[in-house]
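Structure first, commentary second.
The values are calculated or read from the model by the stated rules, or taken from the named source; none is laboratory data. Just so we're clear, the structure is a prediction, and the values are computed from it rather than from any experiment. Methodologically, a virtual Cβ is constructed for each residue, glycine included, from the backbone with ideal geometry; neighbour enumeration extends over all protein chains shown.
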Amino acid sequence: MGRQNRMMQLGIWWWMALVWVGMQIYGCGGCWEQERFALLQLKTSINYPNGTSLPSWEDTESDCCHWERVVCNFTTERVIKLFLNYTRDYRLGTWYFDASLFLPFKELRELDLTGNRLAGWVTNEGFDRLVGLEKLQILTLGGNFYNNSILPYLGVLSSLKTLHIASNRLNGSIHFQDLCAMSNLEELDLSYNYEINHLMTTKGTKCLNKLRVLRLDWNNFNNSILPYLGVLSSLKTLSITFNKLNGSIHFQDLCAMSNLEELDLSYNEINHLMTTKGTKCLNKLRILRLNGEIFNSSVLQSLEAFPSLKNLSLQIQGLVTAKDLGALNNLEHLNLDYSSINGSFLQNVGVINSLRVLSLHKCGLSGSLPSKGWCNLKNLELLDLSENDFEGILPSCLGNLTSLRILDLSFNHFKGNVSLSSLVSLEYISLSHNHFMLPFSCASFCHLSKLKVILSDNITISVENEFQSWVPRFQLKVFSLSNCTIETFPNFLYHQNDLRAVDLSHNNLVGKFPTWLLENNTRLKALSLRSNHFLGPLELPLYPNPHFKELDLSHNNISSQIPTNWNVIFPNLENLNMSKNMIEGNFSPLADISSLLILDLSNNNLSGRIPEHLGVGGSSLWFLKLSNNYLHGPIPHFFNLTNLRFLYLDNNQFVGEIPNILSNFFLYMIDISNNHFSGKIPQWIGNMSDLTVISMANNHLEGPIPIELCKLDYLYFLDLSGNHLSGSLPSCTNLSYIRHVHLNKNGLRGPWSHAFYGCSSLVTLDLSENNLSGTIPDWIGNLSALSILLLNGNHFGGEIPTQLCDLNQISLISLSQNNLVGFIPHCLMNITFNATNSKSFELNIYLPSLISQFIGGTNLGIKFFDFSNHPYYEKRETLVYFKQQVVFPTKKMSYVYNGSLLHLMSGVDFSCNQLTGEIPIEIGNLNEIRALNLSHNRLIGSIPSTFSNLRNVESLDLSYNNLNGSIPSQLTVLYSLEVFSVAYNNLSGKIPDMKAQFSTFDEKCYEGNPYLCGPPLQNHCTNTELPSPMQNGSDNEDNDEGFIDLGVFYVSFSVSYITVLLGIAAVLYINPYWRRVWFNLIEVCISSCYYFVLDSFHKLFNYMNM
């Protein structure tokens, strides 16, 4: 019998082998030809009219089962899955679904069309035609433009088990009757439609009676939805987060959902739960999430109605007693993150002895950890106390938690030594950002054989007296010891061979690049050594590492050239940052790494040209930064990086015109400033609709500013300063997002008519040092967000418009070196000149740090822990740092302000104009300004004593005017004043006492005022009355009243002179006798003058001949 069985088994194996061989022979030709043809047709439709998606789908003999986004059955080689999410370029406009393109895939089980701008379907080829795909089980249509009309067409697809219609345009009421024919549907996702507010269900019907999962997140539902959901008795998971549920929730409305196991009502406005103890309502409920809702502690007792509850997440405010917690005696997971509970909670939580997970992240807990209560949780496997205010040393009872696998104490104020030897189950430990004293050898962890992750950033590392050599029992996957000022590598690292991510950044490590670390850990994916003192040359491992994806060597002293075998050793590298080193030569070896997404080589000594093959090898590049090097030549025409979004070529020596190849890019930011680019700004730049930042400053660009720039709806920052641009200002009036514009130091001319009219979000406008003329437009007061206005160095005339006083956000204004006339507006007192964050534009785009990306995106085999929501995952490294600079003259010099200095700076500069009249006393109320310059005008009158209120002023320049009177003695209270000048006026009297800041001012500050006296001048003051400036031919009065007003004198004299002339002419015209007498008198005078000159000339001639 046994022999017979063995023969039968052998026969079966032979038969299976023959079948397998037959399949291989049958399938050796690859995918089915009709499916290959259908895929090519599908590609054409997706790319219509000129898209470039799906490049691997080519009309060649390649196996279409190996094409991207295509999954085939291993044996039949029929297409079973198509992942076409986000394949259609959004700039191609909407796409219309055509069912005929999918019908050839008879074995198709899953179809993903997310994010393709689908807005309808071809006539008679709607989704109902997919009923022919009898094996289709999963359909994903998220991120498109469908409305409620699609539901009846989807309702006939009875084979579907999963339907996702999230992020579309469904709204109002959803009629489940439309979906009743979907008898096999198990999961339905209607989230992120925002406007759905009601579900129409029919009690007693068998509609959707197999539905297990329903997601309604991010819509507009209120409490009235709950009774309608109660009819879905088969539901096991229900999620209604981010809606408008509020007040009390009556669980009685959901009692019919007898199979419900998971309920998520997070992030609504619920504050009370109405339950009935003793009923069988929701008696299978295991998971309840109420994150973002704030309850008082009594809510815990109401949850006693759910005997099966194992996992609870909510926020509590107030005192939590042992009685409150005793109602949850079956609970295993308790998440109270962001609650406001007091320290007694940890003493009482021990009553829930079934707890396996306790998370108290950012709960405002403080003081020392108690030595009882929480230490009794023998079954606890995860304890998260991160981001609180705990202090002191760790209690010894922590050693009782022998089941603990994950311990997070980061971002507190713990101190002392770390002794965790009894926590033998520990897999993950985070001690970061505390005051722990950790031995350099990390011997505290030597017996923890299961340890996989150690995070110990920003703690104190103690150096042992003797070198401790020990072989660890653990093999780590993640190790982070950032910002701990260590100078050498911990010895135990030499014994690690399974590391996946290492962060040793911001230390004092020296020597060569640790090649041994990569050679010992062949599966290493991420390594950060930024901000250390590593020296060149850069030596790579001997053998390739296909797993290695991210390397940060920035802020070191590596000085060699880039190794030529880089693309061989790291063929799948995605993120490389070697900025701020001393790397030389070119970067051609990196141009062949097709997987690179981020490349930052800025602030090095690179030279040569951009490799032309970068556009082929680096086609995946998303971010390229080559700033501050010595690269030269033009941008290559093969620079075809179609995925590039951020391009930084600033501060190099590039030449030539801006190449047309850039028009194929979909850039968000471009910075080519401080180079030698020439030619005109191309008009096609207006087609780059995603651009938010354009910086082309300090080149040799010429010609007009293209009007096409006005088409960039999302433009936020524009800097074209320091070029040779000409023509008039572009009439951009519809840039609703524009915040900062720098067009200074060009040759722009003509009047300022309507440019930037209506740009109410504009914060910075710098038009200085051009040839603009005309008047400052009155509508400037409509730019309500304007904080920086620089118009200096132009030819503006007319008066200062009073509408400037409507700019209540203004803090920096310069109108100097123009031809402005008239008076200084008194209404300037209406402006506060407060510091504003908006003007100090700093664009920071962050990536999660290398380690946090790995933790958040990799399964470490550690249960119960959502790393993506963990504070360490929020640790970020700066990817993009961009800030604006503003030049503003103060303290007799021009300073460049940016960042926090620009945020704090405020000032007014009206110098070098032809302003007249007196200085308004209201100027003294501008107590926030730091610089005031009214020099080189024709101002008269005295210096207002109210200037003593300018408590923050650092520079005050009133020189080269016609001011008179004395210098107010009250100015000595200006303790911030560093630069002061009243030179070349008509001031008189005693100079204020040389105390405080006035003790630092020399005679140059007062020169040109001969009637000033007292130190630091040599002119001593006497008790006798000082001579009036009038006695010295001055145009001013004495110290008290001043002299005649020159303006009044000139006007009255001219009027009198003209009146006399007109009177004489009138008399001569009316009276002919007097006219004849006048003409005879003129004739006599002429004759007398003639003979007098003749006689005088004759006498002079005789005298010269003697």
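Some observations on this one:
- When ASN491, ASN557, ASN545, ASN465 are screened for being modelled with pLDDT under 90 and in contact with a Phe, Trp or Tyr (Cβ under 9 Å, 6 or more places away or on another chain), only ASN491 passes.
- Residue selected from region 192-227 under the condition more than 21 Å from ILE249 (Cα to Cα) and among the polar types (S, T, N, Q), by the criterion farthest from the chain's Cα centre (by Cα): THR205
- For region 332-344, filtering for residues that are in a loop (DSSP other than H, G, I, E, B) and not aromatic (Phe, Trp, Tyr) leaves 7.
- Whichever residue in region 129-158 is surrounded by 19 or more Cβ atoms within 10 Å (Cβ to Cβ) and among the hydroxyl-bearing types (Ser, Thr, Tyr) and, among such residues, is farthest from THR94 (Cα to Cα): TYR153
- Residue in region 1002-1019 that is more than 56 Å from the chain's Cα centre (by Cα), exposed (fewer than 10 other Cβ atoms within 10 Å of the Cβ) and at pLDDT 50 or above present: yes
- Test for ASN640: is it among the polar types (S, T, N, Q), at pLDDT 90 or above and part of a loop (DSSP other than H, G, I, E, B): no
- Scanning region 831-850 for residues that are modelled with pLDDT of 70 or more and either touching a Leu at 6+ places or on another chain (Cβ under 7 Å) or loosely packed, with under 15 Cβ neighbours inside 10 Å (or both) yields ILE831, PHE833, ASN834, ALA835.
- Residues that are aliphatic (A, V, I, L, M) and closer than 15 Å to PHE980 by Cα, drawn from region 909-951: ILE929, ALA931, LEU932, LEU934, ILE943, LEU950
- Within region 764-819, the set of residues being assigned to a strand (DSSP E or B) and of a type in the set (Ser, Thr, Tyr) comprises THR764, SER773, THR775, SER814.
- Residues in region 859-909 that are of a type outside the set (Val, Ile, Thr), assigned to a strand (DSSP E or B) and modelled with pLDDT of 80 or more were compared, and the one that is farthest from the chain's Cα centre (by Cα) is ASP909.
- Search result, residues across region 159-195 that are small (Gly, Ala, Ser) and either out of contact with any strand residue (DSSP E or B) (no Cβ under 8 Å at 6 or more places or on another chain) or crowded, with 19+ Cβ neighbours inside 10 Å (or both): SER159, ALA166, SER167, ALA181, SER183, SER191
- Which listed residue, of SER695, SER784, is under 21 Å from LEU815 (Cα atoms) and within 25 Å of the chain's Cα centre (by Cα): SER784
- Region 650-709: number of residues that are of a type in the set (A, V, I, L, M, F, W, C) and in a loop (DSSP other than H, G, I, E, B): 11
- Among the residues making up region 526-549, a single one is farther than 23 Å from MET582 by Cβ, within 27 Å of the chain's Cα centre (by Cα) and of a type outside the set (A, V, I, L, M, F, W, C): LYS549.
- Residue match in region 198-219 (condition: more than 25 Å from LEU309 (Cα to Cα) and touching a Lys or Arg at 6+ places or on another chain (Cβ under 8 Å)): no
- Annotation: ASN50 fulfils all but one of (1) modelled with pLDDT of 70 or more; (2) farther than 19 Å from GLU77 by Cα; (3) surrounded by 10 or more Cβ atoms within 10 Å (Cβ to Cβ); the unmet one is (3).
- The set of residues in region 91-128 being aliphatic (A, V, I, L, M) and either surrounded by fewer than 18 Cβ atoms within 10 Å (Cβ to Cβ) or closer than 14 Å to LYS161 by Cα (or both) consists of LEU92, LEU103, LEU108, LEU111, ALA119, VAL122.
- Subset of region 710-721 that is in contact with a strand residue (DSSP E or B) (Cβ under 9 Å, 6 or more places away or on another chain) and part of a loop (DSSP other than H, G, I, E, B) - its residue that is surrounded by the fewest Cβ atoms within 10 Å (Cβ to Cβ): TYR716
- GLY750 meets all of the listed conditions (1) closer than 24 Å to SER784 by Cα; (2) modelled with pLDDT of 90 or more but one, namely (1).
- Test: LEU709 is at pLDDT below 90, under 20 Å from PRO682 (Cα atoms) and within 26 Å of the chain's Cα centre (by Cα): no
- Index of the failed condition, LEU101 passing every other in (1) modelled with pLDDT under 90; (2) closer than 27 Å to THR123 by Cα: (1)
- Boolean, GLU539 is assigned to a helix (DSSP H, G or I) and either of a type in the set (Asp, Glu) or in contact (Cβ under 8 Å) with a residue 60 or more places away in the chain (or both): no
- Close pairs from region 548-576: first closer than 19 Å to ASN521 by Cβ and free of Cβ contacts under 8 Å to residues at least 24 places away in the same chain, partner among the polar types (S, T, N, Q) and buried (at least 23 other Cβ atoms within 10 Å of the Cβ), Cβ under 8 Å, at least 6 apart: none
- Tally of residues being in a loop (DSSP other than H, G, I, E, B), surrounded by fewer than 20 Cβ atoms within 10 Å (Cβ to Cβ) and touching a strand residue (DSSP E or B) at 6+ places or on another chain (Cβ under 6 Å) across region 748-762: 0
- Which listed residue, of VAL973, VAL982, is β-branched (Val, Ile, Thr) and buried (at least 23 other Cβ atoms within 10 Å of the Cβ): VAL982
- Residue match in region 773-780 (condition: in contact with a helix residue (DSSP H, G or I) (Cβ under 7 Å, 6 or more places away or on another chain), buried (at least 17 other Cβ atoms within 10 Å of the Cβ) and at pLDDT 90 or above): yes
- Test: residue in region 350-370 that is surrounded by 15 or more Cβ atoms within 10 Å (Cβ to Cβ) and touching a Lys or Arg at 6+ places or on another chain (Cβ under 8 Å): yes
- Scanning region 930-964 for residues that are buried (at least 21 other Cβ atoms within 10 Å of the Cβ) and in a strand (DSSP E or B) yields ALA931, LEU932, ASN933, LEU939, ILE940, SER955, LEU956, ASP957, LEU963, ASN964.
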